[in-house]
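The values are calculated or read from the model by the stated rules, or taken from the named source; none is laboratory data. All figures in this text were calculated on a predicted structure; none of them were measured in a lab. Quick reminder, even Gly has a Cβ in these numbers, built from the backbone with ideal geometry, and neighbours come from all protein chains shown.
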Amino acid sequence: MDTIKGRKEFLELYGSGRKRTYSTLIIFYKEKGQGRRFGVAVPRRIGSAPARNTVKRRLRELVRREEKRLPDHTSYVLVLRGQREPGFRELEDDLHRFIEDVKRERTQRFEEGPA
């Protein structure tokens, strides 16, 4: 799994990428030339550094498990929402919803043909 680390790349996705909002996650994504790349952002309001790191590990593990189901040549940034530390199941449910939404979106674009 390739990761997005630089501030510039995060800001590019925030500014010009597509955005999907779910109960625990906001996911920014944009089709790019290279393979799948992922970034994770957890705000300070979630709690202490160990709490934020726990959430980041959970998100990275979910991405590792589901990476093959996501479209290739796309960059993704997963941003945690809310004021509390969500459970693994909540994060997993939102990621699965995102995958289904993206599949549906790509199918609709494919059926519509070139613009």
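Brief remarks follow.
- You will find that of Arg36, Arg7, the residue that is in contact with a Leu (Cβ under 7 Å, 6 or more places away or on another chain) and modelled with pLDDT under 95 is Arg36 and no other.
- Any pair with Cβ under 9 angstrom, 6 or more apart, that starts in region 84-96 at a residue that is among the acidic types (Asp, Glu) and ends at one that is loosely packed, with under 14 Cβ neighbours inside 10 Å and part of a loop (DSSP other than H, G, I, E, B): Glu90/Ser23; Asp93/Ser23; Asp94/Ser23
Listed here are the residues, each with its yes/no results for (1) within 23 Å of Lys32 (Cβ to Cβ); (2) among the hydroxyl-bearing types (Ser, Thr, Tyr); (3) not in a helix (DSSP H, G or I).
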position	(1), (2), (3)
Leu78	yes, no, yes
Gln83	no, no, yes
Pro86	no, no, yes
Arg89	no, no, no
Glu92	no, no, no
Leu95	yes, no, no
Ile99	yes, no, no
Lys103	yes, no, no
Arg109	yes, no, no
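- Among the candidates Asp72, Asp94, residue that is touching a strand residue (DSSP E or B) at 6+ places or on another chain (Cβ under 8 Å) and either farther than 23 Å from Gly6 by Cβ or not small (Gly, Ala, Ser) (or both): Asp94
- Applying the condition of being part of a helix (DSSP H, G or I) and polar (S, T, N, Q) to region 41-69 and asking which residue is farthest from Gly6 (Cα to Cα) yields Thr54.
- Here is the figure for region 17-37: residues that are in contact (Cβ under 8 Å) with a residue 40 or more places away in the chain and outside any loop (DSSP other than H, G, I, E, B) total 9.
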